[in-house]
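K.L.:
Once you've had a glance at the structure underneath, I'll fire off some questions.
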Amino acid sequence: MAELMYWEAIRRAHDEEMAHDPLVIAMGEDIGIAGGTYKATQGLFEKYGSERIIDTPISENGYTGLGIGASFLGVRPIIEIMSVNFAWLATDQIVNTAAKVRYMSGGQLEAPVVIRSPGGTAHQLGAQHSARMEKVFMGIAGLRVVTPSSPKQAYGLLKSAVRCNDPVFINEHELMYNLKGDVPDEEFFLPLEGSTVAREGTDITLFGYNISTHWCLQAATELSREHGIEAEVIDLYALNPLDAEGIARSLRKTHRALIVEEAEAPVGVGSEVMAIINENCFFELDAAPRRVSAANVPIPYNHSLEKAAIPNVKDVVSAVLATFGLSN
Amino acid sequence: MTVTPNHRANNDDTVDQSQLSDEVKLRLLQEMLYARRFEERCYEAYVERKIGGFLHLYSGEEACAHGVLEAARPGEDYVITGYRDHIHAIKCGTDPRAVMAELFAKETGCSKGRGGSMHLFDAEHHFMGGYALVGGPFPLAVGMAKAIKLRRSDEIAICFLGDAANNQGTFHESMNMAKVWNLPILFVCENNLYGIGTRIERSTAVTDQYKRAAAYDIPAQQTDGQDLDKVYAAARVAVDHVRSGNGPYFLELMTYRYRGHSMSDSNAYRDAEEEKVWQGRDPIDLWKERLINQGLITAETFKSMDHEIIESIEDDVIAFAESSPEPAVSELEKYVLAENDPYVTGGK
Ligand SMILES: Cc1ncc(C[n+]2csc(CCOP(=O)(O)OP(=O)(O)O)c2C)c(N)n1
Ligand SMILES: [Mg+2]
């Protein structure tokens, strides 16, 4: 078992999959000679050459479509979009082609592409570099969405995404590439559906994904220490499809729910999880479910405003206490 | 603007016709006439409400797909296009019955009734689809060319799209990538002078589309898209260029559609005089006259060819489409995702 950083785990998955299958390629802006903005492909240009580690022009819709077209013929591209804010330009090809081609061809064509991209608010990057898109992609039939919260998940989900015959969008986070964690040395694959229990608990379920899983875990520690509340933390690493059964299983145990997301609330992960709870376990509930989300604003540049826009561990703790009719 | 020697308009009337054998010339007449009758029968079926949705017909443009694909390897080369796609699919080898059944939304259709007129597919014959987003196929085509190059095989990718599609960003992004990576792709622009109701000079700064390829240093040619000999001759040059590993090529074919853009279009924006001029240069008439002059066919044999085609479309194609079953509603959610993909459960 080695301790790897998140970016190292992604890089290892690239390397192994490219060694395994000569039709696996990687493409994106500055991923080749420059080694990748977040080093996810560092050293691979030297190893696999320019035909397979492709520095693209700044043409997000164009090169994403190129990857999709190549995948029709059995190529398995891993497409890196430098920031998810730029993936808006590629939504046409992702949504109109990759997600629909299997269906509209009656099962004849498929688009086994992986599109990876970091979203989320880092440090004062401004409105056009701080947004998230997972809520957009998770509503698209035919497109899988996963979002790793640890180096182990980053490796195992990318490995499965490359081999899976469906298009997969992998939502990463600008702030998480240097996160460290244990990754088993032997090769492994993680399921692209489901959720994991990141912390067992009995009193309330905190639903997180990607960076917000970490906020939930920190809040759970504090809640246990300061308030004697044992929170269960469910890591929703798969956003499409969402693990309705896993959500219900935990609620049957805890009877309370809080969804924590870095994105703004409307039409998001939180609203979808709430709908699942309402439809599947309404009568299990001891309290109304709540959400902790970003303010519904473009992310500001000013540091204090930026901090105020994004939820934090304190917000999670307060929301849990409110669920119990307590305050801190 | 300076145009390199490779960028030229081909207005040469003396095309060498010896490239096609008599047998092939006759087959092409039969195929183009079949295409015309097929499309006109679709028109009727649409009026009868047997076909739903949008329907874009190819009547008037037959020499484009036939000339280009005759010079290529239909069924082997990877072909992609927009929504005006029936004839490209058939020329690639798709059974016309499966095309009509698709338009009739039947399970036996070439997309199992899930696609419709704008989304014909036939993976077996390397017809990689009809797509409805104008300009959408450009990058897909370049991607197929990338895959061909990675696999070191000798097929090429061929992308047929309209003139108005060249105003999408995907056109420029794709031409650029095709050139930077020297990919085996032939771009065929079917320039019928209109994007729905907007005539080309009202939307497009440079109306000669072949000139736009110069911006990417891609060799290009403009030719008469109504004259099968000229299309074929130009396409031979283009296909040879691409297949020999010289990178992309851009071929512009000047053509005209007879019907409205789709069935919901009255054509009111077009000048009757203009329509008449183009109908005087009908690709099938031109070809028929040429073959009559060459003694390959007579007016009578042409007539009986026409009758046979009309009959076989009725007895074979329409009958098949009519009698085929619809998809089962219980299979509504089939084909959204891969079935039983082991990696969805972590490789187990
Ligand atoms: C992205 C997009 N924008 C607009 C449309 C509506 N539309 C369909 S066809 C068309 C005109 C395209 O003209 P052209 O590319 O010249 O092809 P033609 O129909 O003449 O063969 C338009 C505007 C569309 N389908 N997709
Ligand atoms: Mg047009």
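The values are calculated or read from the model by the stated rules, or taken from the named source; none is laboratory data. What you see is a predicted model; the values in this text were computed from it and never measured. Here the Cβ is made from the backbone with ideal geometry for all residues, glycine too, and neighbour counts use every protein chain on show. Heavy atoms of the whole protein, side chains included, go into the accessibility calculation; ligands, DNA and RNA do not. Shrake-Rupley method; radii C 1.70, N 1.55, O 1.52, S 1.80 Å.
K.L.:
Which distance in nm do the two modelled labels at B:R151 and A:H227 give, with both placed 7 Å along the Cα-to-Cβ direction?
P.N.:
So the label points at B:R151 and A:H227 sit 5.8 nm apart.
K.L.:
Also, I was wondering about something else. Taking K and R as +1 and D and E as -1, what net charge do the other residues with C-beta under 9 Å from the C-beta of A:P112 add up to?
P.N.:
Net charge in that neighbourhood comes out at 0.
K.L.:
Can you tell which of A:P289, B:N166, A:H227 lies farthest toward the positive end of the dipole of the protein assembly as shown, using +1 and -1 charges on the Cβ of basic and acidic side chains (Lys, Arg; Asp, Glu)?
P.N.:
The one lying farthest along the dipole's positive direction is A:H227.
K.L.:
State the answer as a single residue: which of B:A123, B:G135, B:I156 lies farthest towards the positive end of the charge dipole of the range B:122-177, with beta carbon charges of +1 for Lys and Arg and -1 for Asp and Glu, about the Cα centre.
P.N.:
Of the listed residues, the answer is B:I156.
K.L.:
R0 = 45 Å: FRET efficiency of B:R281 with A:I58, Cβ-based, nearest 0.05?
P.N.:
0.55
K.L.:
Could I ask something else about it? Over all residues in A:157-164, what is the mean tally of Cβ atoms on other chains that come within 10 Å of each residue's Cβ?
P.N.:
That works out to 3 on average.
K.L.:
Now a separate question. Express the carbon and sulfur contribution to the solvent-accessible surface of the range B:133-262 as a percent, rounded to the nearest whole number, probe 1.4 angstrom.
P.N.:
47 percent
K.L.:
With +1 on each Lys and Arg Cβ and -1 on each Asp and Glu Cβ, and nothing else charged, work out how big the dipole of chain A is about its Cα centre, in Debye to the nearest 20.
P.N.:
That gives chain A a dipole magnitude of about 360 debye.
K.L.:
Could you list which residues have their amide H under 5 Å from that of A:I229, counting only those 5 or more apart in sequence or on another chain, with H placed in the peptide plane?
P.N.:
A:S224
K.L.:
Ignoring ligands, DNA and RNA, what percent of the accessible area of the range A:2-183 is carbon or sulfur (1.4 Å)?
P.N.:
54 percent
K.L.:
Roughly how large is the A-B contact in terms of buried accessible area, totalled over both chains, probe 1.4 Å, nearest 100 Å²?
P.N.:
3800 Å²
K.L.:
Same structure again: How large is the charge dipole for the range B:17-323, taken about the Cα centre, if only the Cβ atoms of Lys, Arg (+1) and Asp, Glu (-1) carry charge, to the nearest 20 debye?
P.N.:
That gives a dipole near 1020 debye.
K.L.:
Hey, another quick one. So, with +1 on the Cβ of K and R and -1 on the Cβ of D and E, and no other charges, what is the size of the charge dipole of the protein assembly as shown about its Cα centre, to the nearest 20 debye?
P.N.:
In total the dipole reaches around 1120 debye.
K.L.:
Accessible area per residue, 1.4 Å probe, Å², for the range A:2-183: what's the number?
P.N.:
With all protein chains present, the range A:2-183 gives 28 Å² per residue.
K.L.:
Also: Nearest 0.05, what FRET efficiency do A:E186 and A:E245 give at R0 = 35 Å with Cβ-Cβ as r?
P.N.:
FRET efficiency, A:E186 to A:E245: 0.75.
K.L.:
Quick one: with all protein chains in place, what share of the accessible area of the range A:249-318 is carbon or sulfur, to the nearest percent (1.4 Å probe)?
P.N.:
The computed percentage sits at 53.
K.L.:
Consider a paramagnetic label point 7 Å from the Cα of B:D240 along Cα→Cβ; state which residues of the range B:144-160 have an amide N under 19 Å from it.
P.N.:
Answer for this model: B:154-157.
K.L.:
Starting at the first residue of the range B:308-316, write each ³J(HN,Hα) from the Karplus equation 6.51 cos²θ - 1.76 cosθ + 1.60 with θ = phi - 60°, in whole Hz, x for Gly and Pro.
P.N.:
Using θ = phi - 60°, the values come out as 4, 5, 4, 5, 6, 5, 5, 6, 9 Hz.
K.L.:
Further question: Let me have the relative contact order for the range A:2-183, percent, based on Cα pairs under 8 Å that are six or more residues apart.
P.N.:
27 percent
K.L.:
Okay, next question. Rounded, prolate or oblate: pick one for the protein assembly as shown, where a ≥ b ≥ c are the square roots of the eigenvalues of its C-alpha gyration tensor, a/c under 1.5 means rounded, and failing that, prolate if a/b is larger than b/c, else oblate.
P.N.:
It is prolate, given that a/c is not under 1.5 and a/b is the larger ratio.
K.L.:
Stretch A:W88-A:V297 to full length: gain in nm at 0.36 nm per residue minus the Cα-Cα span?
P.N.:
73.5 nm
K.L.:
Around A:M82, what is the net charge, scoring Lys/Arg as +1 and Asp/Glu as -1 over all other residues with Cβ under 9 Å from its Cβ?
P.N.:
Overall, the nearby charge balance is -4.
K.L.:
On to the next question. What number, in percent, do you get for the relative contact order of the range A:119-264 if the mean sequence gap of Cα pairs under 8 Å and at least 6 apart is divided by its residue count?
P.N.:
Worked out over the range A:119-264, it gives 27 percent.
K.L.:
Also, I was wondering about something else. Do any residues of the range A:74-111 lose at least 20 Å² of accessible area when the full set of protein chains is present rather than just their chain alone, and if so which, with a 1.4 Å probe?
P.N.:
A:V75, A:D92, A:Q93, A:N96, A:T97, A:R102, A:Y103, A:M104, A:S105, A:G106, A:Q108, A:L109
K.L.:
Let me ask something additional. If we sort A:82-88, B:107-113, B:287-293 on the protection proxy, mean other Cβ atoms within 10 Å, highest first, what's the order?
P.N.:
Put in order of decreasing packing, that is B:107-113, A:82-88, B:287-293.
K.L.:
Could you pull out the pairs from A:K47/B:K348; B:K106/B:K276; A:K135/B:K50; A:K135/B:K149; A:K47/B:K179 whose alpha carbons sit more than 28 Å apart here?
P.N.:
Cα-Cα > 28 Å for A:K47/B:K348; B:K106/B:K276; A:K135/B:K50; A:K135/B:K149; rest within.
K.L.:
Any lysines with Cα under 19 Å of the B:K25 Cα? List them, leaving off those in the same chain fewer than 8 positions away.
P.N.:
Cross-link targets: B:K91, B:K230, B:K288, B:K303.
K.L.:
How would chain A be classified by its alpha-carbon gyration tensor: rounded, prolate or oblate, with rounded meaning a/c under 1.5 and the a/b versus b/c comparison settling the rest?
P.N.:
prolate
K.L.:
Apply the a/c threshold of 1.5 to the C-alpha gyration tensor of the range A:1-135 and tell me whether it is rounded, prolate or oblate.
P.N.:
oblate
K.L.:
Moving on. Which Cα, out of A:L175, A:V136, A:V113, lies furthest along the positive dipole direction of the range A:2-183 (beta carbon charges, K/R +1, D/E -1)?
P.N.:
My answer, from the dipole projection, is A:V136.
K.L.:
How would A:S304, A:S150 rank on accessible area, largest to smallest, probe 1.4 Å?
P.N.:
Highest to lowest solvent-accessible surface, that is A:S304, A:S150.
K.L.:
Roughly how many Å² of A:Y103 are accessible to a 1.4 Å probe, to the nearest 10?
P.N.:
Its accessible surface works out to 70 Å², give or take rounding.
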